[in-house]
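The values are calculated or read from the model by the stated rules, or taken from the named source; none is laboratory data. Computed from a predicted structure; not experimentally measured. FYI the Cβ positions are ideal-geometry reconstructions off the backbone, even for glycines, and counts take in every protein chain you see. For the accessible areas, the whole protein counts, side chains as well, though only heavy atoms, and no ligand, DNA or RNA atoms are used. Shrake-Rupley method; radii C 1.70, N 1.55, O 1.52, S 1.80 Å.
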Amino acid sequence: MTDTPQTALEALAAFDAGTLTPEAYLDALLDRCAQTESDVRAWSHLDPSTARRELAQAQRTGALRGLPLGVKDLFHVKSMPRSCGSPIYADYMSSVDASVVALARLAGAYVMGKTETTEFATYKPAPTRNPTSLAHTPGGSSSGSAAAVAAGMVPLAFGSQTAGSVIRPAAYCGVVGYKPSFNLIDTSGVKGLSRSFDTIGVFARSVSDAALLVEAVTGQPFLQATQNVSAPSVLGLCQSPVWNEIEPEMQSAWDRLCARLQTKTSTRDIVLPPPYAGAVQAHPMIMAQEAFQALAYEWQAHRDLLSPALRDMLANGQTRTSTPHNDDRVMISTLKARFEADLGNTPIFITPSAPGAAPAYETGTGSPVFNRLWTLLGAPCVNVPGLKTSDQRPLGIQVVGPIGQDAEVLNVATWLADVLMDDG
């Protein structure tokens, strides 16, 4: 893909200049898929003739004019299969688009194919491998979306996050992952797991590309937040309540990064009060109870087709009573309301995207422990790639802010990406 644009905005510029057609761009991407997909296995459904037909029917106007998308296999895409990573829906064909897919089409995009997901966005791994190191996991649950973008097979992809399923795969695969503020993107037509946390996010090869896609489906002016950026007046450095989970190479990379950033802007350590640590512990219990409700049909009618880990999770959720769940909902509301105040004059901060680099494929999809709190708070998060382990596997840093401050988070993420590129 030497002569093929590496980012969506570069492709749009080439379309507008007449130096590249959307058809030629798709052909180059399909060639890339032919070279890499047998190893990476990012796609649950990819058919060149279908992709070309999708492009032929796409609008050639709008913010995403002629751009292809990968779409996680939890989302409905009309006339494409939707398996949700489960044999229960192995033969299911969608008759409608998820709302976010329809919105992307209205902005001129088309769906190139469906990307692999873990089982109902939970624990059973997808067949996808990490394109930066095939022996390692790409993360989950948006495994295929992260890997397809990282491998250069598609410039943009939709995913979803309920615990860490956008930020962690982006970190492991070395791409940008953007989980917007909770409820910013409509989730109609996406298989639900936990209504308190489910959030649609995106994968891209630059922060500006991620902002472009979310702007196109929400109408929020995010792309301009990534233009002509400068250093924040003060940047928070957050060792979250689960810092004991950090791995040695991430700790070393974090220490080096913080030292570098202190030469470029003012920084302040962020220490969150004890209730936030309790929220981290509450998140998986809330998720299990809501997952039992969301997957009640699958539990009742097809329990034998669920993986043992998912059955255990749903069984735990079933036994949880309404009283603690009501208390948890009050806790979530309370923490969301006080989060910005607790950050003081440093509302935007950085923290690791995962405990370390991607673990071996056989061990699972990695831990979401560095993501749970920010998902519970509904906070916008952007994974910024650029750091690496000693064996050159990606390490991710996420930029986080209070709910509703997506533009500010994208602005700082763009600045941080520039810093990492310049210092790399």
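Take the Cα pairs of the range 241-315, get the Kirkwood Rh, then feed it into Stokes-Einstein at 10 °C and 1.306 mPa s and tell me D in µm²/s. Mind dumping the intermediate values first?
Details: Rh = 16.1 Å.
After rounding, the answer is 98 µm²/s.
Could you work out the relative contact order of the range 1-93, using alpha carbon pairs under 8 angstrom and six or more residues apart, expressed as a whole percent?
Working: 62 pairs, mean separation 19.2, N = 93.
Relative contact order, the range 1-93: 21 percent.
Out of the total accessible area of the range 30-171 (probe 1.4 Å, heavy atoms of protein only), what percent is carbon and sulfur?
Values: 2210 of 4360 Å².
Carbon with sulfur: 51 percent of the solvent-accessible area.
Once you keep just the Cα pairs under 8 angstrom separated by 6 or more residues, what percentage relative contact order results for the range 46-96?
On the way: 47 pairs, mean separation 11.7, N = 51.
Relative contact order, the range 46-96: 23 percent.
Any idea of the accessible area per residue across the chain, 1.4 Å probe, to the nearest Å²?
On a per-residue basis, the chain sits at 37 Å².
Could you work out what % of the accessible surface of the range 185-299 is carbon and sulfur, using a 1.4 angstrom probe and leaving DNA, RNA and ligands out of the count? Display every interim value, and only then the final one.
Values: 2330 of 4790 Å².
About 49 percent, which is the carbon plus sulfur part of the accessible surface.
Ordering Val369, Val382 by how much accessible area each has at a 1.4 Å probe, largest first, what is the list? Write down the numbers at each step before the final one.
Working: Val369 25, Val382 0 Å².
Largest accessible area first, the residues go Val369, Val382.
Using the Cα atoms of the range 41-104 to build a convex hull, what is its mean projected area in square nanometres? Provide the component values of the computation, followed by the final result.
Working: hull surface 18.6 nm².
Over all viewing directions, the range 41-104 projects a mean Cα-hull area of 4.7 nm².
Please identify, among Asp328, Asp39, Asp16, the residue showing maximal mean-square fluctuation in a Gaussian network model of the chain using a 10 angstrom Cα cutoff.
Comparing Asp328, Asp39, Asp16 in the GNM, the peak value goes to Asp16.
Quick one: how many Å² of Cys173 are accessible to a 1.4 Å probe, rounded to 10?
0 Å²
Antiparallel DSSP bridges in the chain: what percent, to the nearest 5? Before the final figure, lay out the partial values.
Details: 27 of 42 bridges.
Antiparallel bridges make up about 65 percent of those DSSP assigns within the chain.
Report, in deg cm²/dmol and to the nearest 500, the calculated mean residue ellipticity at 222 nm for the chain, where each DSSP H run with n ≥ 4 adds -39500 (n - 2.57) and the sum is divided by the residue count. Write down the numbers at each step before the final one.
Values: 14 runs with 171 residues, N = 424.
Per the formula, -12500 deg cm²/dmol.
Taking only the C-alpha atoms, wrap a convex hull around the range 61-166 and report its volume per residue in Å³ as a whole number.
Values: hull volume 10.2 nm³, N = 106.
Convex hull volume per residue, Cα atoms: 96 Å³.
Can you give me the distance in nm between label points at Arg52 and Ala296, each placed 7 Å from the Cα along the Cα-to-Cβ direction?
My value for the distance between the label points is 4.7 nm.
Tell me the net charge near Val175. Cut-off is 14 Å between Cβ atoms, Val175 excluded, with +1 for each Lys or Arg and -1 for each Asp or Glu.
Values: positive: Arg168, Lys179, Arg205, Lys388, Arg393; negative: Asp209.
That sum, taken over residues with Cβ under 14 Å, equals +4.
Which whole-number percent gives the relative contact order of the chain, counting Cα pairs below 8 Å spaced six or more residues apart?
Numbers: 974 pairs, mean separation 73.1, N = 424.
Result for the chain is 17 percent.
Using a 1.4 angstrom probe on the protein heavy atoms only, could you order Glu23, Glu290 from most to least accessible area? Before the final figure, lay out the partial values.
Details: Glu23 80, Glu290 0 Å².
Ranked from most to least accessible, the order is Glu23, Glu290.
To the nearest 20 Debye, how big is the dipole of the chain about its Cα centre, given +1 on the beta carbon of each Lys and Arg and -1 on that of each Asp and Glu?
Details: 31 positive and 39 negative charges, 99 e Å.
Rounded to the nearest 20 debye, it is 480 debye.
Mean Kyte-Doolittle of at least 0.0 plus a Cα span of 15 Å or more along the axis: flag which DSSP H helices in the chain meet both, please.
Values: long enough: 22-40 (26 Å, -0.34); 207-218 (16 Å, 1.43); 248-261 (20 Å, -0.51); 275-294 (27 Å, 0.20); 308-319 (17 Å, -0.38); 322-343 (31 Å, -0.62); 406-423 (25 Å, 0.48).
Helices meeting the span and hydropathy rule in the chain are 207-218, 275-294, 406-423.
Once you wrap a convex hull around the alpha carbon atoms of the range 1-116, what is its projected area averaged over all directions, in nm²?
Numbers: hull surface 28.8 nm².
Dividing the Cα hull surface by four gives the mean projection, 7.2 nm².
Write down the Kirkwood hydrodynamic radius of the range 373-424, to one decimal in angstroms, obtained as one divided by the mean of 1/r over all alpha carbon pairs. Walk me through the numbers on the way to the answer.
On the way: mean 1/r = 0.0852 Å⁻¹.
11.7 Å is the Kirkwood radius here.
List the extent of the Cα atoms of the range 270-417 along each of their three principal axes, largest first, rounded to whole Å.
50, 41, 25
Using modelled backbone amide H atoms (1.01 Å from N, in-plane), which distant-in-sequence or interchain residues come within less than 5 Å of His136's amide H?
Placed amide hydrogens put Asn130, Tyr361 under 5 Å from His136.
With a point put 7 Å past each Cα toward its Cβ, work out how far Ser95 is from Met421 in nm, to one decimal.
Between Ser95 and Met421, the label points sit 4.7 nm apart.
Can you give the Rg to Rh ratio of the chain, both from alpha-carbon atoms, with Rh computed by the Kirkwood formula?
Numbers: Rg = 20.1 Å, Rh = 21.3 Å.
Ratio value, two decimals: 0.95.
Against the 2.2 N^0.38 Å scaling, with N counting residues, where does the range 205-271 land? I'd like the Cα-based Rg ratio to two decimal places.
Details: Rg = 15.7 Å, N = 67, 2.2 N^0.38 = 10.9 Å.
The reported ratio for this selection is 1.44.
List the equivalent ellipsoid semi-axes of the range 106-216 in whole Å, largest first, each obtained as the square root of 5λ for an eigenvalue λ of the Cα gyration tensor.
Numbers: eigenvalues 75, 60, 29 Å².
Here the semi-axes work out to 19, 17, 12 Å.
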